[in-house]
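The values are calculated or read from the model by the stated rules, or taken from the named source; none is laboratory data. Keep in mind it's a predicted model, so treat the numbers as computed, not measured. Here the Cβ positions follow ideal geometry from the backbone for every residue, glycine too, while neighbour counts run over all protein chains shown.
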Amino acid sequence: MRRSLRNTRRLLSIARILAQEDALFIIDDLEVAPALSRIFRIFSSRKPNKRKGERLAAAIERLGPTFIKLGQALSTRSDLIGEELADDLADLRDNLPPFPAYIARKIIEDEFKQPVAALFSEFNDTPVAAASIAQVHKATSNDGKIVAVKILRPDIEQAFARDLDLFFWIAEIIEKRVRGWRRLKPVQVVQTFKESIFFELDLRFEAAAASEMADNVKNHEAGLSIPSIDWNLSSRRVLTMNWVDGIPFSDIEAIKNSGFDANIILGKAAKSLFSQVFKDGFFHADLHPGNLFLDKNGDLVAVDFGIMGRLDLKSRVYIAEILRGFMNEDYKSVADMHFDAGYVPSTKSRAAFTQACMAVARPIIGKPLNEISVAKLLGQMFGIAAEFEMEVQPQLLLMQKTMMVAEGVGRMLNPSLNMWELATPLIEEWANESFGIKAKLKEGAGNAREIVQKFPHMLFNIENALKNMGDANGIKLHPQTIKAIDQERRQRHKDWLTFAWVALTIFVLSLVF
């Protein structure tokens, strides 16, 4: 009861702000409090010249840090909220008034149990940036290095905990009362959001992400660098890294007037994103223009590693294969890839899915090459895939959002050049290198590749069959019998897997050598 009263009171204050920004449509769409929406229409300020997403974004910015982060998270879920609304939320401004310098200094001293003067030879009290979760100060370390010191906002954890409780409360109501929204799993969406916020509220995770990416880019030839972390001056609430001197990509005119070739800059951006996504499977998922700089050598420098994305090999192959299929206008191969990989249930129609792929791609692929948006293509693809009961992974949606931002920056630099023209040969080369051995298997052994690909599905089907034995509608066996079968199956699985890999290795070596 106390929780309901607390959250109802909070919901009333939110509804008033939504009304003032003419964004009450969100409550109407959720169907959770129609009476509340009608009451607060008296506070509504009509803004017919603004799109729904723009009005909602304005309200979210007034509602504070948690709502800004939620809005940014939802901007990656066009499958949930629609493409137009997602595009508008992607432009949310993540900046708030700074908190006082004396509080920043106290947080640093509480973290390291030393006065700021003992930690830094110079500390600038005026922050250079203030976002929803943290703000950044310029300082000089005791060894003379210019550094950026990122400090979490005071009491930010409590603010997020309060708002997350409200989000769970609303999601639970929606799942219970609004049948049409149940398939979207609102509670699970909030849980995913909570898990992502957990990493942003501990700056040690950001430091680790920056270090991992720095190690990765050493093997790239893309002209991207990552500031080094000062681990001695980093903790849960404080992160210290090398200062970046450069032109932010938010200042496109300055980038254009820098003296560096815009096409070369675009090439570096395309190669960098390609390397992160396909070679490393670990990419910067919040690479907006304010987080990317052009340094004095004409190279790119990235900052702010609070939101990162990971793609396993299967997801990388998926993206490479559907991009290749779309660019070749081979919609049947795109559909086959979804079914063969198990992304779309076999009960769905391949012909209908092929037709849907063509319907999505033709309007985009038919444009001049410099106008093609790969990110938009993927976004629409994820949208129609959901209609065929394909559950799109959050990491793929993060990647699609990152591509959208990269395309936007690329068009501002040079509207006549599509950065994916530069990346496509790299993707092709990666696919050929990664699957060259599989190609030899196919040439030398006919169906060997197909068998290797289907092997995980065979095991999956065996496991499902065993589970069904215990189901009400399946064969009923004694629990001890099922346990004995399962143990024997596990041992045979190990023996067969070992034999299979040994045989496959010998076979591959015989083909290569």
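Has the range 194-213 got at least one residue that is hydroxyl-bearing (Ser, Thr, Tyr) and within 18 Å of the chain's Cα centre (by Cα)? Step through it out loud before you land on a result.
Step one: list which residues in the range 194-213 are hydroxyl-bearing (Ser, Thr, Tyr), which gives 196, 211.
Adding the requirement that they be within 18 Å of the chain's Cα centre (by Cα) leaves 196.
The answer is yes; a qualifying residue exists.
If you go through the range 219-253 one residue at a time, how many are of a type in the set (Asp, Glu) and under 21 Å from MET419 (Cβ atoms)?
Just the residues of the range 219-253 that are of a type in the set (Asp, Glu), to begin with: 221, 230, 245, 251, 253.
This time we only want the ones that are under 21 Å from MET419 (Cβ atoms), so: 221, 251, 253.
Count: 3.
Would you check if ARG204 is modelled with pLDDT of 90 or more, basic (Lys, Arg) and touching a helix residue (DSSP H, G or I) at 6+ places or on another chain (Cβ under 8 Å)?
So ARG204 fails the test.
Considering ALA320, ALA335, which residue is in contact with a Ser or Thr (Cβ under 7 Å, 6 or more places away or on another chain) and more than 30 Å from PHE112 (Cα to Cα)? Even if it seems obvious, please write down each step before you answer.
On the way: ALA320 fails: in contact with a Ser or Thr (Cβ under 7 Å, 6 or more places away or on another chain).
Matching residue, one of ALA320, ALA335: ALA335.
Is it fair to say ALA131 is at pLDDT below 95, farther than 17 Å from ALA207 by Cα, among the small types (Gly, Ala, Ser) and assigned by TED's automatic domain parsing to the domain that holds ARG10?
Details: at pLDDT below 95: yes; farther than 17 Å from ALA207 by Cα: yes; among the small types (Gly, Ala, Ser): yes; assigned by TED's automatic domain parsing to the domain that holds ARG10: no.
No; evaluated as a whole, the condition is false for this residue.
Being in contact with an Asp or Glu (Cβ under 6 Å, 6 or more places away or on another chain) and aliphatic (A, V, I, L, M) narrows it down to one of ALA431, ALA386, ALA406, ALA423, so name that one.
On the way: ALA431 fails: in contact with an Asp or Glu (Cβ under 6 Å, 6 or more places away or on another chain); ALA406 fails: in contact with an Asp or Glu (Cβ under 6 Å, 6 or more places away or on another chain); ALA423 fails: in contact with an Asp or Glu (Cβ under 6 Å, 6 or more places away or on another chain).
Step by step, each of ALA431, ALA386, ALA406, ALA423 is checked, and only ALA386 is in contact with an Asp or Glu (Cβ under 6 Å, 6 or more places away or on another chain) and aliphatic (A, V, I, L, M).
Could you say which residue among PHE123, PHE160 is in contact with a strand residue (DSSP E or B) (Cβ under 6 Å, 6 or more places away or on another chain), of a type outside the set (Lys, Arg) and touching a residue at least 24 places away in the same chain (Cβ under 8 Å)?
Sole residue among the options that is in contact with a strand residue (DSSP E or B) (Cβ under 6 Å, 6 or more places away or on another chain), of a type outside the set (Lys, Arg) and touching a residue at least 24 places away in the same chain (Cβ under 8 Å): PHE123.
Kindly indicate whether any position in the range 429-443 is in the same structural domain as VAL317 (by TED's automatic domain parsing) and either modelled with pLDDT of 75 or more or assigned to a loop (DSSP other than H, G, I, E, B) (or both).
yes
Only residues that are surrounded by fewer than 18 Cβ atoms within 10 Å (Cβ to Cβ) and without any contact (Cβ under 8 Å) to a residue 24 or more places away in the chain: list them for the range 126-145, please.
VAL128, THR140, ASN142, ASP143, GLY144
Considering only the range 1-84, give the helices (runs of 4 or more DSSP H) lying wholly within it that have at least 2 residues that are among the aliphatic types (A, V, I, L, M) and at pLDDT below 85.
Hits in the range 1-84: 2-20, 25-30, 34-40, 65-74, 78-81.
Taking into account only those residues within the range 336-351 that are touching an Asp or Glu at 6+ places or on another chain (Cβ under 8 Å) and more than 17 Å from PHE326 (Cα to Cα), which is surrounded by the fewest Cβ atoms within 10 Å (Cβ to Cβ)?
Applying the filter and picking the extreme gives PRO345.
Residues of the range 290-300 being surrounded by fewer than 21 Cβ atoms within 10 Å (Cβ to Cβ) and under 20 Å from the mean Cα position of the chain (by Cα), which ones?
GLY290, ASN291
Per-residue answers, yes or no, for (1) out of contact with any His (no Cβ under 8 Å at 6 or more places or on another chain); (2) on the phi < 0 side of the Ramachandran plot; (3) surrounded by fewer than 20 Cβ atoms within 10 Å (Cβ to Cβ):
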| site | (1), (2), (3) |
| --- | --- |
| ASP165 | yes, yes, yes |
| LYS185 | yes, no, yes |
| ILE197 | yes, yes, no |
| ALA207 | yes, yes, no |
| LYS218 | yes, yes, yes |
| ILE226 | yes, yes, no |
| LEU239 | yes, yes, no |
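Identify, please: which residue in the range 408-423 is free of Cβ contacts under 8 Å to residues at least 60 places away in the same chain, surrounded by fewer than 18 Cβ atoms within 10 Å (Cβ to Cβ) and farther than 15 Å from GLY290 by Cα and is, among those, farthest from the chain's Cα centre (by Cα)? I'd like the intermediate steps shown before the answer.
Of the residues in the range 408-423, the ones free of Cβ contacts under 8 Å to residues at least 60 places away in the same chain are 408, 411, 415-416, 418, 421.
If we keep only those that are surrounded by fewer than 18 Cβ atoms within 10 Å (Cβ to Cβ) too, we end up with 408, 411, 415-416, 421.
The next check asks that each one be farther than 15 Å from GLY290 by Cα; those that pass are 411, 415-416, 421.
On the way: ARG411: 22, PRO415: 26, SER416: 28, GLU421: 23 Å.
It comes out as SER416.
Quick one: which residue in ALA159, ALA101 is surrounded by fewer than 17 Cβ atoms within 10 Å (Cβ to Cβ), touching a Gly at 6+ places or on another chain (Cβ under 9 Å), over 16 Å from LEU233 (Cα atoms) and not charged (D, E, K, R)?
When all the criteria are applied, what remains is ALA159.
Just to be sure, is SER250 closer than 26 Å to LEU119 by Cα and hydroxyl-bearing (Ser, Thr, Tyr)?
Spelling it out, it is not the case that SER250 is closer than 26 Å to LEU119 by Cα and hydroxyl-bearing (Ser, Thr, Tyr).
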